[in-house]
Amino acid sequence: MDYNENNLAYFQKEMAYLDETRALFIKNFPKVAPFLDTKSKDPDVESIIENMAILTSRIRQELDENIPLIAESLINILMPSYTNPFPSVCMQEFALRDDFSEKKEFIPKGSIIESKPINGVACKFQTIYDVNLLPLKISKSFMSNNKSDYLLNLNISITIDELSTKELDIDFLNLYLGDNIYFSSPLLMWLNNYLKFIVI
């Protein structure tokens, strides 16, 4: 086993701690430990104390050096998201221009988007899925009840007067539930677990 300056520092700290503890023990129990009196330098006692200090200093050093690794391993198992690098993300809202006359706009996955510059620096983000931008908006949303069932009503309107729902050829719609976790989480749970039917 190799020893270095760190081992010596831990040994000296342990010796100082043992001397302090021994003095306190002798003060409280003078009759029980007459051979531990600091005034008497018994070589056998001193040898035992020094060997004990070597062992305990190695244990303390191992704990100090390895506890961060043990803690990191536990966190990797219990909460891996805390130690794994996670890139900056954002929720991007897209909107069609007022003079837009097409039925839809397609934004492919992997498109690069730049943020507004802050102190001359603009952050770049990359979209992670395809976006079909449609001339639609939620004009009204409300809850109602029908006997034993609760109904979530969404009034979705087309922003271009000349278009109809058939012309848009809508296969699916992505709904953003909002950034308020106390509202969006229960709503997502309701939609996933308790949704019975959708009426258009």
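What follows is calculated from the coordinates using simple rules that are stated; it is not laboratory data. Please read all numbers here as calculations on a predicted model, not as lab measurements. We place every Cβ from the backbone using ideal geometry, glycine too, and count neighbours over all the protein chains shown.
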Of the criteria (1) outside any loop (DSSP other than H, G, I, E, B); (2) surrounded by 11 or more Cβ atoms within 10 Å (Cβ to Cβ), which one residue 103 fails: (1)
Considering only the range 121-137, state which residues are out of contact with any Asp or Glu (no Cβ under 9 Å at 6 or more places or on another chain), in a strand (DSSP E or B) and loosely packed, with under 12 Cβ neighbours inside 10 Å. 121, 126
Restricting attention to the range 138-188, and to residues there that are within 34 Å of the chain's Cα centre (by Cα), small (Gly, Ala, Ser) and more than 16 Å from residue 198 (Cα to Cα), which single residue is surrounded by the most Cβ atoms within 10 Å (Cβ to Cβ)? 184
